[in-house]
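Chemist: Take this structure, written in structure tokens, and hold onto it; I'll ask about it next.
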Amino acid sequence: MSDKEVSEQDLLGYLDEMLPVERMSDIEKQLRLSEELRRRAASLAQRRDQGVHSVGEIWRRSRLSCPTREQLGSYLLGALAADHSSYVEFHLQTVGCRVCLANVNDLETAMKEVPETQQRRRRYFESSAGLLPRSET
Ligand SMILES: [Zn+2]
């Protein structure tokens with residue numbers, strides 16, 4: 001028997017092919033050696049196919065909570081600290097949280113509109129400034 005414990009989390013990661021390459025082949029080796037492990041993997045795969053388990057699901061539920069909309073906004077502006085920013089990036093790109101991706105899209109659209117509004121306001125001020133009598137200096 002193997003000395004390394006394979007957790008349920010590991011097996012799910014293996015099934016979803018979301019583990020580092022080394023860990024993948026390590027688990028593969030152990031699966032080949034252990035009938036009991038194969039049975040565990042099979043029953044996990046079955047439950048996963050029923051939508052009970054998936055690595056993404058587990059991450060969403062336990063490890064990774066969604067960043068707030070403010071945090072997403074700061075992320076887009078590059079105003080988050082590096083570790084926080086990489087967390088958000090991981091949440092969006094690796095976990096692919098649909099809720100947050102939708103929020104980001106929304107925020108991006110909103111951000112694109114801001115400069116236009118500002119421009120319009122500036123133009124307004126410029127034109128009203130032009131209406132003022134010019135002081136001769
Ligand atoms: Zn999220």
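Chemist: Within 10 Å, count the other beta carbons around each residue, average over each peptide in 85-92, 12-19, 105-112, and list them highest first.
Modeler: By packing density, highest mean first, the sequence is 12-19, 85-92, 105-112.
Chemist: Sorted from fewest to most neighbouring beta carbons within 10 Å, what does the list VAL21, VAL6 look like?
Modeler: VAL21, VAL6
Taken together, the values in this text are just the output of simple stated rules run on the coordinates, not laboratory data. Note that the coordinates shown come from a computational prediction; the quantities given were computed from them, not determined experimentally. Counting neighbours? That spans all protein chains shown, and the Cβs are built from the backbone with ideal geometry, glycine included.
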